[in-house]
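The values are calculated or read from the model by the stated rules, or taken from the named source; none is laboratory data. All values reported here derive from a predicted model rather than from experimental measurement. Reconstructed Cβ throughout: ideal geometry from the backbone, glycine too, with neighbour counts over all protein chains shown. Ligands, DNA and RNA are excluded from the accessible area calculation, which covers all protein heavy atoms including side chains. Shrake-Rupley method; radii C 1.70, N 1.55, O 1.52, S 1.80 Å.
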Amino acid sequence: AYIASNLADLQMMFDTTWMVARVLGLRLNVKANGKKTAWSGTYWSYEQKPGKNGKDGSWVRVERDIEGWEIRLPNKDVVPQVKAYKYLGGTETSGWSERHDAVHQKVRRQCCQLLRLIGRVPTLGPEQLRRAMSLAIAGVLGYHARSTPIPYEVCREIEAVRAEVLRQRKIYPKGPRLPIFAPNAAGGLEHDHTYQYAVSAMVDTFDRILE
């Protein structure tokens with residue numbers, strides 16, 4: 001994946017990638033539906049809002065998709081422009097606003113489904129539930145949270161489902177959630193918070209890049 005500040009640089013990136021691939025004996029695949037090689041782009045413009053009583057309103061910055069531009073490879077293949085691209089299980093959108101919403105919804109849905117499924121296994125005790133829940137959340141966030149920052153709000157919603165499942169299993173009474181995460185020595189269940197996995201995955205990504 002590449003990022004460019006202007007269309008000329010973006011075109012040069014595609015040209016260079018195509019030539020390097022040819023030298024290595026590889027092929028840059030292009031499909032019309034944009035599922036292989038594709039590009040997207042936006043720009044910011046100042047637009048004036050309509051004011052009251054026929055007066056001019058205030059100027060605001062608005063993000064718009066680039067239109068009327070074509071990216072071609074040296075072999076004349078046209079690279080399709082897309083508004084969303086699925087990469088490594090996550091959807092990357094062209095716009096800045098709400099760009100992570102699709103991944104956040106997917107993470108929330110998968111974690112909540114796994115927690116509820118684990119809670120339905122009647123033979124699991126408190127410690128087995130803790131391990132199973134930790135493995136489930138670590139698996140989802142260890143994959144998605146390396147490329148997409150997961151906010152605390154999403155983690156809090158996942159933790160609400162964990163508390164609900166533990167209450168249904170009569171392991172945790174309704175009330176403050178601190179006993180869920182407190183250590184066993186303090187009378188807690190010693191679960192790991194979802195946000196711990198989200199932050200750890202992102203930090204580990206930067207550590208690997210900087211090594």
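State the antiparallel share, in %, of DSSP beta bridges confined to the chain, rounding to the nearest 5. Bridges in the chain that DSSP calls antiparallel: roughly 95 percent. Close Lys pairs in the chain (alpha-carbon distance under 16 Å; sequence gap of 8 or more, or different chains): 8. Give the distance, in whole Å, between the Cα centre of region 139-162 and the Cα centre of region 67-107. Value for the Cα centre distance between the two parts: 23 Å. Report note on the peptides 2-15, 123-136: ranked by the mean count of other C-beta atoms within 10 Å, highest first, their order is 123-136, 2-15.
Distance between the modelled labels on residue 182 and residue 210, one decimal in nanometres: 3.5 nm (7 Å Cα→Cβ projection). If you bin all the Cα-Cα distances of region 89-151 at 10 Å, starting from zero, the percentages per bin are 21, 44, 23, 10, 2.
Quick one: among 169, 99, 61, which has the greatest mean-square fluctuation in a GNM of the chain with alpha-carbon springs under 10 angstrom? Between 169, 99, 61, it is 61 that shows the largest mean-square fluctuation. Per the Debye calculation on region 1-149 with a single equal scatterer at every Cα and no solvent contribution, log₁₀ I(q)/I(0) for q = 0.13, 0.18 Å⁻¹ amounts to -0.80, -1.08.
Sorted largest first, the principal axis extents computed over the alpha-carbon atoms of region 98-211 equal 43, 29, 25 Å.
Our estimate of slack between residue 123 and residue 164, defined as 0.36 nm per intervening residue step minus the Cα-Cα distance, is 13.0 nm. Springs join every pair of Cα atoms under 10 Å in this Gaussian network model of the chain, and among 138, 182, 84 the largest mean-square fluctuation is at 182. For the chain, report the accessible area per residue in Å² (1.4 Å probe, heavy atoms, rounded to an integer). Here the residues of the chain average 67 Å² of exposed surface. In this structure the amide hydrogen of residue 72, modeled in the peptide plane, comes within under 5 Å of the amide hydrogens of 79, none closer than 5 places in sequence on its chain. A full extension of the chain between residue 26 and residue 99 corresponds to an added length of 23.1 nm, given 0.36 nm per residue minus the alpha carbon distance. Heavy atoms only, probe 1.4 Å: what % of the accessible area of the chain goes to carbon and sulfur, would you let me know? Roughly 55 percent of what the probe reaches on the chain is carbon or sulfur. Projecting the Cα positions of 122, 140, 180 onto the charge dipole of region 58-209 (unit charges on Cβ atoms of Lys, Arg, Asp and Glu, taken about the Cα centre) puts 122 furthest along the positive direction. Assuming charge only on the beta carbon of Lys and Arg (+1) and of Asp and Glu (-1), the dipole of the chain about its Cα centre is about 860 debye to the nearest 20.
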